[in-house]
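See below for the structure under consideration.
The values are calculated or read from the model by the stated rules, or taken from the named source; none is laboratory data. Keep in mind that this is a model prediction, so the values were computed, not measured. Glycine also receives a Cβ, built like all others from the backbone with ideal geometry; neighbour counts cover every protein chain displayed. For the accessible areas, the whole protein counts, side chains as well, though only heavy atoms, and no ligand, DNA or RNA atoms are used. Shrake-Rupley method; radii C 1.70, N 1.55, O 1.52, S 1.80 Å.
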Amino acid sequence: MQLDFLGDLKRTHTNGALRATDEGQRVTLMGWVNRRRDLGNLIFIDLRDRTGITQIVFDKEASPALHEKASQLRSEYVVAVVGRVKKREGNTVNKKIPTGEIEVVAGSSDGDLRILSESKPVPFSPGEPDPAQLPNEEVRLKYRYLDLRRTEMQANMELRHKVALAIRNYLAGQGFFEIETPFMTRSTPEGARDYLVPSRVHPGQFYALPQSPQLFKQILMISGFDKYFQIVRCFRDEDLRADRQPEFTQIDLEMTYPQQESVFKVVEGFLKAAFAAAGVELPIPFPRMTYDQAMQKYGSDKPDLRLPAMVDVKEAFTPEMMQTLGIAPSLPIVAIRIPKVGELSRKERDEIKPLFGDRKDAKLFDDFKRLEKSWPDAVAKVRALVQHSSESAVGIAGVPPATAGETPAATQSQDDLLVIVAGGAQPAEHKSEGGVKPQVVQHDHAVYNAAGALRVALGQKYAERHKLFAGDRKDANSYRWLWVTDFPMFEYDAEGQRWAAAHHPFTSPHERDMPKVLALEDLGSVRALAYDVVLNGTELGSGSIRIHRQDVQRQIFRALGMTEEEAKSRFGFFLEALEYGTPPHGGIALGLDRIVMILAGAQSLREVIPFPKTAKAVDMMVDAPTPVSEQQLKELGIAAAKKRAADERG
Ligand code: ASP
């Protein structure tokens, strides 16, 4: 086919722009052929670009030559047309699209059609309105350029752009500077595996891609920049779960002299701006809850506030009852309530047990009727406790009742499913002198964790019935936010038999817990000035107030079982920087991809990342990773132990 050049043709309008009021104008449009309908004497072309679709008409009688040329058009050809805007008549108006009142008549004496580019037959049509007709995701990812042409993907990328821009504008308005930090650096402390970049100039040496700009942003505070942010790519070589990407984007920030609340305010501000960009008015501030409260009421450090909290019902149980039921009297007993589940059949009831799983440290009582037969008073008491808790809307620190209150569905009804989770056998550690040891707390945690996991699983299983997850995306009430504070500073790594940093080792412990850190005692109970922001049961970001004192930093490394040499070799540059006048500072990082995914109502991060990788970390479009040439390896001084053929990836 003879293709045309653009020449000096200039686009006058985009394909979403023209309205009835433009009637009679001579316009020049450009775009892709979304669809061609050939009715003999008339050919209709739907011309598409980022902004929409305009119908173009070629009439054989008005211009046989242009009509003939238009008959050669196929899907996804790129064309320029010159024509006149004409109002459509009566029943030919297309109410489904904004330009549906008009069409552009190109096939006339002053019209023109230039075929700028042709297209091979497409593996799937970007104009396909029905998502069910799309091929599988691998094909979409291989032909990502076609996939991205789809209206839905164009909208997702536009949303991403607007959200990022709103965040940038907000933070800039608050005095934050966007400052870049290097991608080729050395290992950072987030604790995942690094992606390494070999150095040709220094054979055998490697850069690491940053898991986050953590140490750089802290150094920027030491460097006097006061408030820093960056919308930045981070790289973590983790075993990929369905919703993880090896490279992802964080909204990363750091500020000097903050209390936790100063960080919360900034984050609430930019999230409000980001959601406003998507048409959602978020009420702020968000509720706050300590880690301990979250564990006790929700059995999770990322509570989903859309479901009712768990209720402590221990007082309903007599010692005899606990003995008969085989419940450990020292451990928690909690009730889980899932609203509006209705009467369960025997079979449905049997499906609950597998959700709970086979656990030694916690027990499930899912048959309330049976309990009621033997202990009617106790069950009445449980119901009363649950009732009471559903009436007293959770008062969450620092938040007006309107935003802290539970959803209306939290009020108890007859239709609700109630189950009880308690501790199994009495943990041996309870025999020891001196009351609560960290291990004992862990047994409490085991019960809370088991209950919390079941609560979420039941919530998902009966989502169709309680409908608490079915919120409208544009309605602020669909988003249940929460700050979780006072996380434990250390986690015991049973395998390595040592304490590990629960957030990262630059997180400050609570001032009041410093004596324990100095004495290296009872580390399990040390609280950190670390916090997470949680949305509908998903952690969207975490951060902390940092250690700004070199002596404290050293002691933390000691607590983590790191020798002075080790600390020096990993973070020496940073420890040194701390010695030159470090202001107190703190910050946070939130996942941008996830925020956009939620706002787009998308099911996967890949729907909101322009060029994502598959769950196996493969880029289907460019086909990466790939083996490299012997020559490249030689230059880098690297010998591959085993060449991975592309087809080995499976
Ligand atoms: N760098 C941390 C992370 O990526 C966040 C922070 O502490 O600011 O999880």
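Worth pointing out:
- Under 15 Å, Cβ to Cβ, from Asp112 - net charge with Lys/Arg +1 and Asp/Glu -1: +1
- Local charge for Val526 was computed over the other residues whose Cβ lies under 12 Å away, with Lys and Arg +1 and Asp and Glu -1, and equals -3.
- C-alpha long axis of helix 260-277 to longest principal axis of the chain, angle in °: 30
- For the pair Arg11 and Gln25 in one chain, pulling the backbone fully straight at 0.36 nm per residue adds 3.7 nm over the alpha carbon distance.
- The angle between the Cα long axis of helix 376-391 and the main principal axis of the chain comes to about 50°, on a 0 to 90 degree scale.
- From the alpha carbon centroid of segment 228-253 to that of segment 293-366 is 35 Å.
- Between Arg233 and Lys461, the FRET efficiency estimated from the beta carbon spacing at R0 = 35 angstrom works out to 0.45.
- Residues Leu575 and Ala172, FRET efficiency given R0 of 25 Å [Cβ-Cβ distance, rounded to 0.05]: 0.20
- The chain - percent of accessible surface contributed by carbon and sulfur, probe 1.4 Å: 51
- Rounded Å value of the spacing that divides the Cα centres of segment 458-478 and segment 19-53: 41
- Gyration tensor verdict on segment 134-197 (Cα atoms; rounded if a/c is under 1.5, prolate if a/b is larger than b/c, oblate otherwise): oblate
- Sequence ranges 201-214, 564-577, ranked by mean other-Cβ count within 10 angstrom, highest first: 201-214, 564-577
- Mean Cβ count within 10 Å, highest first, over the residues of peptides 1-13, 249-261, 443-455: 443-455, 249-261, 1-13
- Greater than 21 Å apart at Cα, pairs in Lys120/Lys142; Lys227/Lys272; Lys217/Lys616; Lys162/Lys272: Lys217/Lys616
- The sum of -39500 (n - 2.57) across all DSSP H runs of n ≥ 4, divided by the residue count of the chain, sets its helix-only mean residue ellipticity at 222 nm to -8500 deg cm²/dmol.
- Of Lys60/Lys86; Lys360/Lys461; Lys314/Lys363; Lys297/Lys363; Lys347/Lys461, pairs whose Cα-Cα distance is over 19 Å: Lys360/Lys461
- Segment 441-455 and segment 489-551 have Cα centres separated by 20 Å.
- Helix 151-173 and the longest principal axis of the Cα set of the chain meet at an angle near 60°.
- Residues of type lysines that Lys373 reaches as a straight line, Cα spacing below 18 Å, ignoring anything fewer than 8 places off in the same chain: Lys381
- Asp46 sits among other residues whose Cβ lies under 9 Å from its own Cβ, and their net charge, with Lys and Arg +1 and Asp and Glu -1, is +4.
- Mean Cβ count within 10 Å, highest first, over the residues of peptides 101-107, 524-530, 122-128: 101-107, 524-530, 122-128
- Share, in percent, of DSSP beta bridges within the chain that are antiparallel, nearest 5: 90
- Restricting the calculation to alpha carbons of segment 336-390 gives Rg and Dmax of 12.6, 31 angstrom.
- The chain, relative contact order [Cα under 8 Å, separation at least 6], %: 13
- Each of Asp475 and Leu148 was given a label point 7 Å from its Cα along the Cα-to-Cβ line. The distance between the two points is 3.6 nm.
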